[in-house]
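First the structure, then my questions, so here it is.
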Amino acid sequence: MNKMKKSLALSLVLVMMLGLLAGCNVKTKDQVTGGSSNESTNGGPVDITLLAMSSNEKDVNILRDQLSKAGFNVKLNLQPDYSSFTGQKDAGNYDLAITGWTTVTGNPDYAVRSLFTTGGDYNDYGLSDPELDRLVEEASTQTPEEYTKTYKEFEKVLVEDNAYIIPLYTSYKSQAVNKEVLKLDSVRLSKSRSLPWEEVDFVDESKRTTEPLLLSQTMSSLTSLDPIKGNDGSINIINTNMYIRLVNLTDDDEVTSKGSLSYNHAIADGNTEYYFVLRDNVRFAKVQDKKAVDSGELVGAEDVVFSLERAKDKNSVPDHRTYSLHSSMDKIEIVTDIQELESKTVSGQSITVKEALEKDLPSPISQLVADKNDVNNAEGKYQVVKVTTNKPFPQVLNYLAHQSAGIVSKKQVEAVNTYDVATYDRNKDIAYGDQSTITEGDTYNNTLVTSGPYIAIYKNDYEVVFEKNPGYMVGTEHEPRISKVVIKFIKDTDSSLSALRSGEIHLLYSVPEDKYSLVENDSKLYLQKRPSNGVSYAFFNLKGNSKFSDVNLRKAVLYSVSQDEFLAVYNNLKIKAYSTLSPLVDTGNIHNADLNKVKEYLNKYWESQAK
């Protein structure tokens with residue numbers, strides 16, 4: 001009996017111990033929803049497809065690791081080039097995509113309008129927020145002293161409140177120069193503006209006409225040589241050097257007439273009327289027998305009006321990529337009444353518009369002519385173009401410095417673009433600037449007519465070749481020094497750097513930060529660098545039934561991302577960013593990772609899914 005009692009007691013103790021041990025493996029609600037960063041929330045890991053180009057592989061690895069640690073199941077969609085990346089984006093094969101934006105106009109409106117306003121040229125991922133639209137419009141009319149507060153609020157709505165984007169970092173702008181071949185003081189590194197090829201010169205000036213300037217780029221597919229149809233790394237620097245604009249930017253993003261189509265520009269009182277007096281020493285170039293020739297046609301006010309009208313018209317060409325940049329322009333006109341210039345004063349000054357435009361002209365303005373064939377600056381006969389904006393908007397000048405405001409030949413573009421825009425078929429209709437027209441082979445039929453210092457002669461799988469415009473500011477400081485420019489297509493930066501070191505190219509844009517020391521330790525090379533307007537960030541697919549239409553899920557991703565880790569990997573050769581505005585406007589906003597917030601927002605997401 002006693003033995004039986006002892007046996008029963010022992011059995012009860014064992015059962016209790018087993019129960020306790022088993023209980024140790026049962027997670028409480030707190031453990032399920034708030035454990036370590038690697039533990040699942042109450043809905044399990046969330047799948048997220050990350051799209052990027054292979055050139056961003058380092059960023060992809062950092063972001064993937066951060067998201068994985070935060071509890072996401074990351075799938076990669078790596079594409080070899082920009083064209084493939086765009087194809088995958090357009091097909092919706094992503095949840096989150098890594099991209100970059102450089103504000104090449106130097107003004108904050110450009111940093112946000114195309115990307116984040118409803119219907120913006122580069123807002124092709126489904127973002128539509130009336131509050132963002134309102135704030136962009138409000139800031140666009142304000143002075144720098146006023147718009148800082150507005151842009152700070154804009155960033156709060158964009159990032160903190162809605163997590164529409166995930167800011168990663170701001171980059172340095174850099175380039176490496178072979179100083180044994182090129183004069184260092186002829187190679188500019190502007191904060192925003194692309195390198196002006198016409199200023200670059202050889203150390204041995206005798207080589208100007210016998211040897212080409214050798215450059216490189218990774219993208220071999222050129223979006224379009226029509227300046228309004230592309231706004232990406234494949235053609236920005238090319239179109240900037242093929243088409244002149246009404247104004248330019250200095251190296252520090254100030255608007256200037258130097259080296260532009262206008263001698264001078266003036267803003268009339270009220271900040272809605274902008275006047276430009278044009279040069280008469282810029283003629284269009286064309287290609288004959290694979291050589292650049294002077295067409296003999298002056299780049300005139302008629303071409304300016306035509307170019308800017310089509311720049312602001314969304315329907316002027318198929319796949320217009322830059323129209324929203326120019327939406328502030330209401331009217332573009334040729335001024336023929338001198339009295340108009342005499343009757344208006346310059347904004348913030350006591351001088352007339354005419355006096356401002358006449359500064360350092362070859363001769364005073366005695367007559368304004370409508371027909372460019374009647375122009376003769378030496379005799380005082382000028383053309384003046386007026387741009388009227390739909391509201392006070394001084395930032396319009398920055399947009400007029402953008403490559404998309406390049407001046408094309410009215411006569412040539414109308415002769416080539418005979419198709420109906422509404423029924424355009426890329427398989428049979430050949431548009432002005434189509435890369436196929438300059439590609440060697442059966443499709444070659446170079447119909448380019450360019451107003452800038454250079455014109456593309458031909459392209460193949462290995463390079464694109466340019467020659468100087470023989471009718472471009474001849475005899476002035478702006479006449480191109482080097483007669484021929486060759487851009488070689490080199491797939492990756494390591495190979496490009498090797499080509500620079502071996503002398504196959506003379507200059508390399510965008511040197512990777514981890515290669516700075518390699519350049520600096522090479523006695524024949526010189527590294528130029530400065531903080532840029534380029535920001536890397538990630539954006540969500542918000543189209544259709546995307547699960548990332550849920551703000552809580554986006555916020556969970558946002559707070560998974562630590563910029564400190566990006567900076568550490570890049571040896572602090574990156575700069576923290578909050579949005580694409582960061583290099584331009586000091587809003588004071590800072591992003592910090594927070595794994596507790598990740599858990600909080602993931603739980604909110606799963607709770608909303610359970611309802």
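The values are calculated or read from the model by the stated rules, or taken from the named source; none is laboratory data. Values in this document were obtained by computation on a predicted structure and should not be read as measured data. When we count neighbours, we look across all protein chains shown, and the Cβ atoms used for this are built from the backbone with ideal geometry, even at glycine. Protein only, heavy atoms only, side chains kept; ligands, DNA and RNA dropped before computing areas. Shrake-Rupley method; radii C 1.70, N 1.55, O 1.52, S 1.80 Å.
Can you tell me which of (1) of a type outside the set (Lys, Arg); (2) in contact with a strand residue (DSSP E or B) (Cβ under 9 Å, 6 or more places away or on another chain); (3) over 14 Å from SER262 (Cα atoms) is the one SER350 doesn't meet?
Condition (2) is where SER350 drops out.
Taking the condition within 26 Å of GLY120 (Cα to Cα), open to solvent by 30 Å² or more (accessible area, probe 1.4 Å), modelled with pLDDT under 95 and part of a helix (DSSP H, G or I), does GLU153 pass? Talk me through it step by step, then tell me what you get.
Values: within 26 Å of GLY120 (Cα to Cα): yes; open to solvent by 30 Å² or more (accessible area, probe 1.4 Å): yes; modelled with pLDDT under 95: no; part of a helix (DSSP H, G or I): yes.
It is false that GLU153 is within 26 Å of GLY120 (Cα to Cα), open to solvent by 30 Å² or more (accessible area, probe 1.4 Å), modelled with pLDDT under 95 and part of a helix (DSSP H, G or I).
Scan the range 569-611 for residues that are open to solvent by 50 Å² or more (accessible area, probe 1.4 Å) and under 21 Å from SER546 (Cβ atoms) and jot them down.
LYS604, TRP606, GLU607, GLN609, ALA610, LYS611
Sort out which residues of the range 336-360 are in a loop (DSSP other than H, G, I, E, B) and surrounded by 17 or more Cβ atoms within 10 Å (Cβ to Cβ), and write them in order of number. Spell out the reasoning first.
Taking the range 336-360 first, the residues in a loop (DSSP other than H, G, I, E, B) are 336-337, 344, 347-351, 358-360.
Within the range 336-360, LYS344, SER347, GLU358 qualify.
Any idea which of (1) within 23 Å of ASN248 (Cα to Cα); (2) in a loop (DSSP other than H, G, I, E, B) is the one TYR419 doesn't satisfy?
(1)
Here's something else I'd like to know. If GLY452 passes every condition in (1) surrounded by fewer than 21 Cβ atoms within 10 Å (Cβ to Cβ); (2) of a type outside the set (A, V, I, L, M, F, W, C); (3) in contact (Cβ under 8 Å) with a residue 24 or more places away in the chain; (4) not in a helix (DSSP H, G or I) but one, which one does it miss?
(1)
Let me ask another. Mind checking which residues of the range 199-229 are open to solvent by 10 Å² or more (accessible area, probe 1.4 Å) and outside any loop (DSSP other than H, G, I, E, B)? Break it down into steps so the answer makes sense when it comes.
At the first step, the residues of the range 199-229 found to be open to solvent by 10 Å² or more (accessible area, probe 1.4 Å) are 199, 203-212, 214, 217-221, 223, 229.
Residues satisfying the conditions are GLU199, GLU205, SER206, LYS207, LEU214, GLN217.
Also, quick follow-up: Hey, does the range 501-513 have a residue that's surrounded by fewer than 17 Cβ atoms within 10 Å (Cβ to Cβ), under 26 Å from ASN398 (Cβ atoms) and under 18 Å from the mean Cα position of the chain (by Cα)?
Within the range 501-513 (the criterion being surrounded by fewer than 17 Cβ atoms within 10 Å (Cβ to Cβ), under 26 Å from ASN398 (Cβ atoms) and under 18 Å from the mean Cα position of the chain (by Cα)), the answer is no, since none of the residues qualifies.
May I ask you to list the residues in the range 257-272 that are open to solvent by less than 30 Å² (accessible area, probe 1.4 Å) and either more than 17 Å from ILE244 (Cα to Cα) or within 22 Å of the chain's Cα centre (by Cα) (or both)?
SER260, ALA266, ALA268
Go through the range 377-416 and report how many residues are open to solvent by 30 Å² or more (accessible area, probe 1.4 Å) and either outside any helix (DSSP H, G or I) or under 27 Å from ILE338 (Cα atoms) (or both).
Qualifying residue count for the region: 8.
Tell me which residues, restricted to the range 238-252, are touching a strand residue (DSSP E or B) at 6+ places or on another chain (Cβ under 8 Å) and farther than 26 Å from THR223 by Cα. Give the derivation first.
Kept after step one, since they are touching a strand residue (DSSP E or B) at 6+ places or on another chain (Cβ under 8 Å), are these residues of the range 238-252: 238, 241-244, 246-250.
The one that is touching a strand residue (DSSP E or B) at 6+ places or on another chain (Cβ under 8 Å) and farther than 26 Å from THR223 by Cα: THR250.
Can you tell me which of ASP253, ASP294, ASP232 is modelled with pLDDT under 95 and surrounded by fewer than 19 Cβ atoms within 10 Å (Cβ to Cβ)?
Working: ASP253 fails: surrounded by fewer than 19 Cβ atoms within 10 Å (Cβ to Cβ); ASP294 fails: modelled with pLDDT under 95.
The match here is ASP232.
Within the range 259-269, is even one residue within 30 Å of VAL346 (Cα to Cα), hydrophobic (A, V, I, L, M, F, W, C) and in a loop (DSSP other than H, G, I, E, B)?
First, the residues of the range 259-269 that are within 30 Å of VAL346 (Cα to Cα): 259-269.
Keeping just the survivors that are hydrophobic (A, V, I, L, M, F, W, C) gives 261, 266-268.
Those left that are additionally in a loop (DSSP other than H, G, I, E, B): 261.
There is at least one residue in the range 259-269 that is within 30 Å of VAL346 (Cα to Cα), hydrophobic (A, V, I, L, M, F, W, C) and in a loop (DSSP other than H, G, I, E, B).
Do you know which of the residues in the range 361-376 that are out of contact with any Gly (no Cβ under 9 Å at 6 or more places or on another chain) and part of a loop (DSSP other than H, G, I, E, B) is most open to solvent (accessible area, probe 1.4 Å)?
Initial filter on the range 361-376 (out of contact with any Gly (no Cβ under 9 Å at 6 or more places or on another chain)): 368-370, 374, 376.
Next cut, part of a loop (DSSP other than H, G, I, E, B) only: 369-370.
On the way: VAL369: 8, ALA370: 55 Å².
If we take residues in the range 361-376 being out of contact with any Gly (no Cβ under 9 Å at 6 or more places or on another chain) and part of a loop (DSSP other than H, G, I, E, B), then ALA370 is most open to solvent (accessible area, probe 1.4 Å).
Another one. Report yes if LEU158 is surrounded by fewer than 23 Cβ atoms within 10 Å (Cβ to Cβ) and of a type in the set (A, V, I, L, M, F, W, C), otherwise no.
Details: surrounded by fewer than 23 Cβ atoms within 10 Å (Cβ to Cβ): no; of a type in the set (A, V, I, L, M, F, W, C): yes.
In short, no.
Cβ contacts < 9 Å: first residue of a type in the set (Val, Ile, Thr), restricted to the range 308-332; second residue open to solvent by less than 50 Å² (accessible area, probe 1.4 Å) and in a strand (DSSP E or B), any location; separation 6+ or different chain. Result?
Note: pairs meeting the criteria are ILE332/VAL385; ILE332/LYS386; ILE332/VAL387; ILE332/THR388.
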